[in-house]
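Engineer: Please see the structure below; I have some questions.
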Amino acid sequence: MSLSALEAIEWAAVIEQSGGLRGDRRDDVLAGALVSGINETSRIDPAQRQFVVRGMLSLNPGAAAALERIVERLSKESL
């Protein structure tokens with residue numbers, strides 16, 4: 001699974017609305033700054049935002065992979 005920029009934006013918002021990442025798991029720590037950064041892009045034009053987020057994901061593949069694992073975990077928990 002590889003998150004698209006749009007999926008990353010949507011999940012970052014969901015994570016923020018649910019109170020953020022707890023930081024008690026390695027993935028939470030790795031993805032925490034990425035999620036914060038993605039949410040900080042909310043004021044950017046939507047087309048530019050996807051471009052910026054795509055760059056953020058590609059520049060930090062470890063955090064992007066951690067975010068993917070968090071999304072998988074949250075998806076399973078919501079079922």
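The values are calculated or read from the model by the stated rules, or taken from the named source; none is laboratory data. Since the structure is predicted, the reported quantities are computational estimates derived from the model, not experimental observations. Cβ: placed from backbone, ideal geometry, glycine included. Neighbour counts: every protein chain shown. Calculation scope for accessible area: heavy atoms of the full protein, side chains included, ligands and nucleic acids excluded. Shrake-Rupley method; radii C 1.70, N 1.55, O 1.52, S 1.80 Å.
Engineer: Between exposed trypsin sites (Lys or Arg not before Pro) in the chain, where DSSP calls loop and at most 14 other Cβ atoms lie within 10 Å, what's the longest gap?
Structural biologist: 26-79
Engineer: Something else: Can you tell me the 0 to 90 degree angle between the C-alpha axis of helix 61-78 and the longest principal axis of the chain, rounded to 10?
Structural biologist: Once rounded, one gets 60 degrees.
Engineer: So, with a 1.4 angstrom probe, what is the percent of accessible area on the range 34-74 that is carbon and sulfur?
Structural biologist: The computed percentage sits at 57.
Engineer: When only alpha-carbon atoms count, how far does the chain stretch along each of its three principal axes, as whole angstroms with the largest first?
Structural biologist: 31, 23, 21
Engineer: In degrees from 0 to 90, rounded to the nearest 10, what is the angle of the helix 26-40 Cα long axis to the longest principal axis of the chain?
Structural biologist: Once rounded, one gets 30 degrees.
Engineer: For Cα pairs less than 8 Å apart in space and 6+ apart in sequence, what is the mean separation divided by the residue count of the chain, i.e. the relative contact order in percent?
Structural biologist: Across the chain, relative contact order equals 40 percent.
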